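What follows is a set of notes on a single structure, which appears directly below.
The values are calculated or read from the model by the stated rules, or taken from the named source; none is laboratory data. Bear in mind the structure is a predicted one, so any value in this text is a computation, not a measurement. We place every Cβ from the backbone using ideal geometry, glycine too, and count neighbours over all the protein chains shown. Ligands, DNA and RNA are stripped out before the accessible areas are found, and what is left, the full protein with its side chains, is counted by its heavy atoms. Shrake-Rupley method; radii C 1.70, N 1.55, O 1.52, S 1.80 Å.
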Amino acid sequence: RDAEGQKMSKSKGNVLDPIDLIDGIELEALVSKRTSGLMQPQMSRQIESSTRKEYPDGIPAFGADALRFTFGALASTGRDIKFDLNRIQGYRNFCNKLWNAARYVLMNTEDRDCGLNSGAVELSLPDRWIRSRLQAVTREVIDHYNGYRFDLMAQAIYEFVWNEYCDWYLELSKPILTNSDSPEALQRGTRRTLVEVLEAILRLAHPLIPFITEEIWQRVAPLAGKQGDTVMCQPYPLPRDELLDPAAETEIRWIMDFVMNVRKIRSSMNIAPSKPLPVLLQNGTSADRTLLTVNEGFLMTLARLDSLRWLDDAEVAPESSTGLVGEMKVMIPMAGLIDKDAELARLQKELDKLTGDIARCEAKLANKDYVDRAPAHVVAKERERMGELQNNRELLQQQWERIRSI
């Protein structure tokens, strides 16, 4: 079905040719294709109008892999499939993400010692974590294959590659590879992990996206110690339970929670991502203090921090935005970080807009004719929207009050 839930039919002019999604098609060619040979020629003008409205610039070239991944992700147990170009756009972004990750890996490993020879190899915390997570996702993907749940298989690969390998592991590898004080054995271990995990990802994803994985594998395989003419003839990955590392996963989760709390505060306070922030800590356990000491370098880099300091027991915390990592408070003092007057003006403008939107929703829902005549799901959606608007206004009001008190 199309994005509106209508069954794809040539008489409706809403059919999408897979070749057009792969190679792209200009608007005029698309209109001509959809309006020729119709069983109901009288529909030609309506189909042309809807096509020009829906695809004003034609259809861009998404590539075969993005289309294959989309079909895999849509292969659920339901009978009806809504096909939306936003989905295939998202999976094209995934293919680009994988390509860019491979570029980063090759840039840091080609013509470098990746630990395939006799040199000492030391695995860092992030190395042990991503290797552990790879085993878990490999088992998950194989289970979904065996159950013919290709949608869940595609989702598992997507989440691991995008959220864990690219967004976290590659970022965690940078402090190790760029720090001149890092031991060579540690850097060798990180380079080895980069290529070995990427090579396994390529084999894992190859049935879904064969073209980009083959292209990357040809360059990555020798670095990972793999031989062969093509990834197609390589064995599919199997989980190795001896590489599971629950302790590393717990420790990395603590780092993630810390960094995400800082990023959330930064975003809510409209502070530039490039601005280093001072962070104060309170109520931490002895385990928190140990984790902070061991992983301070990762936190300083990933969260873009200027300083980290524990507050004394008797010390009063300044006015701060606060996040929680377990029982530990992560506080960012607001004084001096923002232009108070400009931020209050910005928040007030947003509050005024939300107040107007809420008033319009309330007026619509207070209209008995609208409530009685509109479909029930439309009215329910309007009530849900009003609830979201009211919640957003409350959060902004709290933020406004905090900043005013600085």
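For Ile25, the amide hydrogen comes within under 5 Å of the amide hydrogens of Ile59, counting only partners 5 or more places away or on other chains and with H modelled in the peptide plane. Within the range 15-92, the trypsin sites (Lys or Arg not before Pro) that combine a DSSP coil assignment with at most 10 other C-beta atoms in a 10 angstrom radius are Arg79. Between amide H atoms placed 1.01 Å from N, distances below 5 Å from Leu305 occur with Leu277, all of them 5 or more places distant or on a separate chain. Straightening the chain between Gln46 and Thr355 buys 107.3 nm, computed as 0.36 nm per residue apart minus the Cα-Cα spacing. Using a probe of 1.4 Å on the protein chains alone, the accessible area found for Thr301 is around 70 Å². On the principal axes of its alpha carbon atoms, the range 139-256 extends 47, 34, 25 Å, with the longest extent given first.
Counting only protein heavy atoms and a 1.4 Å probe, the range 67-195 has 47 square angstrom of accessible area per residue. For Lys381, the lysines whose Cα falls under 22 Å of its own Cα, not counting residues fewer than eight places away in the same chain, are Lys82, Lys353, Lys364, Lys368. Using the Cβ-Cβ distance between Ile81 and Ser180 with R0 set to 51 Å, the FRET efficiency works out to roughly 0.45.
For the chain, taking Cα atoms only, Rg and Dmax work out to 26.6, 83 Å respectively. Accessible area per residue was computed with a 1.4 Å probe on protein heavy atoms; Asp143 scores about 90 Å². As a ratio to 2.2 N^0.38 Å, the alpha-carbon radius of gyration computed for the range 47-192 takes the value 1.36.
Between Arg373 and Arg289, the distance separating the two model label sites (each 7 Å from Cα on the Cα→Cβ line) works out to 7.0 nm.
In this rough spin-label picture, where each label sits 7 Å from Cα along the Cβ direction, the Ala29-Asn93 distance is 2.7 nm.
In this view, the solvent-accessible surface of Trp99, computed with a 1.4 Å probe and all protein chains in place, comes to about 110 Å². For the range 227-328, which GluC sites (Glu not before Pro) are in a loop by DSSP, counting at most 11 other Cβ atoms within 10 Å? Of the GluC sites (Glu not before Pro), the ones in loops of the range 227-328 whose Cβ has at most 11 other Cβ atoms within 10 Å are Glu315, Glu327.
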